[in-house]
Amino acid sequence: MSLSIPKMPLPSPIPDREIIDPTLDLEAEIERLKKERNAIVLAHYYQDGEMQDIADYVGDSLGLSQQAKATDADVIAFCGVHFMAETAKILNMEKTVVMPDSDAGCSLADRCPPDVFAEWLEQYPDHVVVSYINTSASIKALSDIICTSTNAVRVVESIPADQKIVFCPDRHLGRWVMKQTGRDMVVWPGFCVVHEQFTARKLIKLKREYPNAELVAHPECEQSVLDMADFIGSTTQLINHVVNTTDVEEFIVATEMGVMHQMRKRRPGVKVIGAEPASGCECAVCPYMRLNTMEKLYLALRDLKPEITVPKEIAERAIAPVERMLALG
Ligand code: 13P
Ligand code: SF4
């Protein structure tokens, strides 16, 4: 009996990445290209320490949007994930925005497809749509106002008390904002693959090991983790808390480990312990953020690609909700 093997479409070939001479002084080359291109490098706290150190500005998603709006550079090299670079592009349609690796997505943004979201929204016609910045430009275009983890409470509190609200896409941030504001919201059931890995069970063990440590956590963590936390905040707020709480020497950090670089840099000697994810890995890293490397940043500045683009009609609808958020600060 002969077996018939179904014909499968062949994947399109992906060109090999250029091999960079490992002896090249990448830091010096990046600095040279920044001047030559009149470029600014913006980096999120979840990038590797050396990438944070070469950036002109390192921050959280709110700070990065504010910097993107303020810059007079011709080129923005965005070391972060796709939705962050897209937001920078929406704010700067005339500028060139590049990323080291444009495949650096985000589990929250990727699991909120605009066609499905638009259909889901039809059930809530009289609701104001508050979208977390961790969404695609198309979702922003369907929203009334954007928020980040720094200003989500402020954004929701700016909406009249009797107004119904839809919040997307992070269920944990949504639940935390409801608790902080006392507002009821319809929440899209999204989650972050990095923050959902932290569990109360593992943290109880770590707390036993470090009884004097404070637990600081990002609001994208599960409720049971947030219930245990001594302090909850965005990446900037977590860093500032660790730097400024000088009567505490040890901190357990429940977010992506990139933030620990800034904590140690700004408060030398502080002991920061990364919360262990459920997978048993030693450290929590965002697999998307970490696709960006120094080599790819060098190539992005040299070749001005991969370039981030947003269709004009989407950008024209997405800018108002982003600007509304920036006006609130
Ligand atoms: P921040 O806005 O706190 O930097 O968070 C961004 C993010 O992606 C968290 O996972
Ligand atoms: Fe997205 Fe989570 Fe990575 Fe943040 S840590 S960029 S929410 S996948």
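Coordinate-derived values only; no laboratory data. Fair warning: this is a prediction, and the values are worked out from it, not measured in the lab. Note that we place each Cβ from the backbone using ideal geometry, even for glycine, and neighbour counts take in every protein chain shown.
Computed quantities for the displayed model
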quantity	calculated
Subset of the range 258-295 (residues that are of a type in the set (Gly, Ala, Ser) and farther than 18 Å from GLN52 by Cα)	GLY269, GLY274, ALA275, ALA278, SER279, GLY280
So LYS95, is it over 15 Å from VAL187 (Cα atoms), surrounded by 23 or more Cβ atoms within 10 Å (Cβ to Cβ) and of a type in the set (D, E, K, R)	no
Number of positions in the range 258-280 that are within 16 Å of ligand 2 (Cβ to nearest atom), in contact (Cβ under 8 Å) with a residue 40 or more places away in the chain and hydrophobic (A, V, I, L, M, F, W, C)	3
Residue within the range 236-250 that is among the hydrophobic types (A, V, I, L, M, F, W, C), under 16 Å from the mean Cα position of the chain (by Cα) and either more than 16 Å from PRO277 (Cα to Cα) or more than 10 Å from ligand 1 (Cβ to nearest atom) (or both) present	yes
Neighbours by Cβ (under 9 Å, 6+ apart or cross-chain): first from the range 42-53, without any contact (Cβ under 8 Å) to a residue 12 or more places away in the chain; second within 12 Å of ligand 1 (Cβ to nearest atom)	ASP53/ALA43
Single unsatisfied condition, LEU304 versus (1) touching a Lys or Arg at 6+ places or on another chain (Cβ under 8 Å); (2) closer than 20 Å to TYR45 by Cβ	(2)
Count - residues of the range 211-261 that are in a loop (DSSP other than H, G, I, E, B) and among the small types (Gly, Ala, Ser)	5
Among the residues listed as VAL259, VAL310, the single one being buried (at least 22 other Cβ atoms within 10 Å of the Cβ) and in contact with a Leu (Cβ under 7 Å, 6 or more places away or on another chain)	VAL259
Test result for TYR124, away from ligand 1 (no atom under 16 Å from the Cβ) and among the aromatic types (Phe, Trp, Tyr)	yes
Which listed residue, of GLU220, GLU214, is in contact (Cβ under 8 Å) with a residue 40 or more places away in the chain, closer than 28 Å to GLN52 by Cα and either more than 14 Å from ligand 2 (Cβ to nearest atom) or touching an Asp or Glu at 6+ places or on another chain (Cβ under 7 Å) (or both)	GLU220
Residue ID - farthest from THR135 (Cα to Cα), chosen from residues in the range 281-315 that are among the basic types (Lys, Arg) and assigned to a helix (DSSP H, G or I)	ARG302
Answer from GLU295, GLU313, GLU249 - the residue that is away from ligand 2 (no atom under 16 Å from the Cβ) and without any contact (Cβ under 8 Å) to a residue 24 or more places away in the chain	GLU313
Subset of the range 32-85 [charged (D, E, K, R) and assigned to a loop (DSSP other than H, G, I, E, B)]	ASP48, ASP56, ASP60, ASP72, ASP74
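Rundown of residues vs (1) of a type in the set (A, V, I, L, M); (2) within 15 Å of ligand 2 (Cβ to nearest atom); (3) over 22 Å from THR235 (Cα atoms); (4) surrounded by fewer than 19 Cβ atoms within 10 Å (Cβ to Cβ), yes/no style:
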{"site": "ASP25", "(1), (2), (3), (4)": "no, no, yes, yes"}
{"site": "GLN47", "(1), (2), (3), (4)": "no, yes, no, no"}
{"site": "MET51", "(1), (2), (3), (4)": "yes, yes, no, no"}
{"site": "SER61", "(1), (2), (3), (4)": "no, yes, no, no"}
{"site": "ALA70", "(1), (2), (3), (4)": "yes, no, no, yes"}
{"site": "VAL75", "(1), (2), (3), (4)": "yes, no, yes, no"}
